[in-house]
Amino acid sequence: MAKYDFRGPRLFVEAPFVAAQEVVIEPEQAHYLRNVMRLADGAEVLVFNGRDGEWLARISTRGKRGATLRPERQTRPQPEVPGPTYAFAPLKQARLDYMVQKAVEMGASRLSPVLTQFTQVGRLNMERMRANAIEAAEQCGILALPVIDEPVPLQRWLSSLPGEVRIVFCDEDSETRSPLEALRGVNAADVAVLVGPEGGFSEEERKVLLARDNVVRLSLGPRVLRADTAAVAALALVQAVCGDWR
Ligand code: SAH
């Protein structure tokens, strides 16, 4: 059996959870529980809001289409240790949807879109990114929803980083060397994994990044990976070597 129930109906709800204090849910959530999951009054639903852990709640239908949820008890605490930041050059829609979902499943605590020289995407749909993050969390029973930053140019992102953050720079031009060695002594909670766009990083960006003392250059092997593949590979290495997979 898995560590927790990720099969039952699970819903992200914006409200704070207090035992027995009913929460009105969105019409489309009411529709999902009543008509798709066909839950009757009193049925159990697991809810999370990204702050109060996971709670068991019971549904009450309201009128023809509404519903409320009454939290009963906390079933899992909110995880304390924040996961790594995932900083990325935005990709085109379908790959970006995929990448956001994978970053959440891999335990990223912050998603930071970074505009690099070869980034091919202009406007970012923040609502869509948030919806993808919530969907991945609901499907996998993840309680810590990542903070999603507004996109900023690479230089501004670099200068805004707190001093203790180590940038794990996924460099497609790096010679192949052990990622385990490169990540030794790093703490995932202080890591910002950085992955470039479809066109990779420019020479200028590489020079700026490698000149910084808070940068760990990471090779993801002898082949060039697609950016969305690199996201999963890099986050898996960080979580396995210095994160919550240990
Ligand atoms: N043209 C492909 C690959 C572009 S490289 C695409 O369309 O996605 C995209 C980013 O993935 C790079 O900037 C780098 O951050 C990461 N990456 C890919 N292969 C890598 C490797 N072997 N080592 C380190 N990072 C890699």
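Bear in mind these aren't lab numbers, they're just calculated from the coordinates by the rules spelled out. Note that this is a predicted model, so its numbers are computed, not measured. Positions of Cβ are backbone-derived with ideal geometry, glycine not excepted, and every protein chain shown enters the neighbour counts.
List of remarks:
- For the chain, the longest principal axis of the Cα atoms and the long axis of helix 126-140 meet at an angle of about 70 degrees.
- DSSP-defined antiparallel bridges as percent of all bridges, the chain, nearest 5: 40 percent
- Cα gyration tensor, the range 1-55 - rounded (a/c under 1.5), prolate or oblate: oblate
- Calculated on alpha-carbon atoms, Rg and Dmax of the chain in Å: 20.1, 63
- Convex hull volume per residue, computed on the Cα atoms of the range 66-178, equals 167 Å³.
- Of the Cα atoms belonging to the range 205-246, the radius of gyration and Dmax stand at 12.1, 33 Å.
- Annotation: lysines with alpha-carbon distance below 16 angstrom to LYS92 (same-chain offsets under eight excluded): LYS102.
- Fluctuation leader among ASP228, ASP97, ASP149 - the chain, Gaussian network, Cα springs under 10 angstrom: ASP149
- Compactness relative to 2.2 N^0.38 Å, alpha carbon Rg of the range 1-111: 1.22
- In the chain, the longest principal axis of the Cα atoms and the axis of helix 93-105 are about 80 degrees apart.
- For the chain, built as a Gaussian network whose Cα springs stay under 10 Å, the top-fluctuating residue of ARG58, ARG223, ARG70: ARG223
- Each residue in ILE148, ILE59 was given a count of other beta-carbon atoms within 10 angstrom of its own, and listing them fewest first yields ILE148, ILE59.
- Estimated Rh, the range 146-246: Kirkwood, alpha-carbon pairs, angstrom: 14.0 Å
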